[in-house]
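Structure record follows, encoded as structure tokens.
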Amino acid sequence: MFDIVFFDIINCMKRSFNHLPQVAFNILLALALKPRHGYEIIQQIDDDSDGKIKLGAGALYSSIKQLRESGLIEEIDMPDDTRRRYYKLSREGEITLKHELAYYEQSLKVARSRHVLPKTYASR
Amino acid sequence: MPLVNKLYRKLLLLYPLSYRTAYGKEIANTFDDMLANEPIVYRRLIIILKELLMLPGNVAEQYLNSIQTVTNISLQNSVALVGFLLLIPFFGASLLDELSEHLSGAHAFHTWIWSPFAIGIWIILLPALSMFISLTIYTLTAIRKSIKVSKVVMYPKGSLPLAIVTILSASILALAIYQKDVNCLHASPDGTTFLQCVVTNITTHDTK
């Protein structure tokens, strides 16, 4: 519990108006439910974006490298599948994702109140 | 293993060694999974094409990231710096000519700097290379920060130095292509541009 609060405070102090790049956000979102390997992440992002984001293998691992260096994701061992490398959200990654989602949720609320959402989204 | 998968593994050798060691095998396995799980032929072709088109940018990014980790300069600024360094010969040669004219009253056109071969390098080749790398990284940065290529952000954050270098190198190239009545090394006819002068002198091997 303490480490969650600690990272939360640190993230609030670090947070500016620089949000995660779109690909990084989508990777974190894809890992929110369970650890995944590279191809699973690509598939999940494709599903989450209704087919709008089709990530390539090269671009994926560039982002994975940056996310690992930022401490937002970690590599884990999966005894059942030694051919692939699996990744999961770190504590800091969970908190960062939580902040990003809160920002988007707030933005949606504002957009709804101003009636600026496209008709297909306005009723959701 | 299919030929395309083998070829892709060969192309991964372009990545820096450290990145290749850490992620090369995984990138190759993911590419294999992407192709294996796509039943439609034309969609497999799109996957292959997309990987090939993005590969140069991804490779360049990893090499420049390795510079960034050593120098602590951002990727965009590193490329802008390299691009600017490629333009220094142009400014240096122009400055030397101006100094020569002010100090001795004569242009420096008789020096080796203004030989056709040297002109071809500092007024055409180096600015073209500068423009290519600056524009490539600028475009890749804009694409990375947008979901759809059709909605590329025109000015991605932190790319001002890149934009400046791109415009500068494009201007120098435009000078070479369009500036006429330039006193090229061998008194070219009126209306000759730098580019025509350089090409003519190189192709006729005029060594006077």
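Normalised by residue count, segment A:48-124 yields a Cα convex hull volume of 143 Å³ per residue. The distance from the alpha carbon centre of segment A:79-99 to that of segment A:29-58 is 13 Å, rounded to a whole number. Coordinate range of the alpha-carbon atoms in segment B:5-122 per principal axis, descending: 73, 34, 19 Å.
Close amide H contacts of residue A:73 (hydrogens built in the peptide plane, cut-off under 5 Å, sequence separation of 5 or more or a different chain): A:68, A:90. For peptide A:36-42, the mean count of partner chain Cβ atoms within 10 Å of a residue's Cβ comes to 4. For residue A:86, the residues 5 or more places off, or on other chains, whose built amide H falls under 5 Å of its own are A:76, A:78.
Computed from protein heavy atoms with a 1.4 Å probe, the total accessible area buried between A and B is close to 2100 Å². Ranked by the mean number of other Cβ atoms within 10 Å per residue, highest first, peptides B:17-25, B:133-141, B:29-37 order as B:133-141, B:29-37, B:17-25.
When only the heavy atoms of the protein chains count and the probe is 1.4 Å, how do B:112, B:122 rank by accessible area, highest first?
B:112, B:122
The values are calculated or read from the model by the stated rules, or taken from the named source; none is laboratory data. Nothing here was measured: the structure is a model prediction, and the numbers come from that model. Neighbour counts are summed over all protein chains in view; Cβ atoms, including those assigned to glycine, are modelled from backbone coordinates with ideal geometry. The area values use the complete protein model at the heavy-atom level, side chains included, leaving out ligands, DNA and RNA. Shrake-Rupley method; radii C 1.70, N 1.55, O 1.52, S 1.80 Å.
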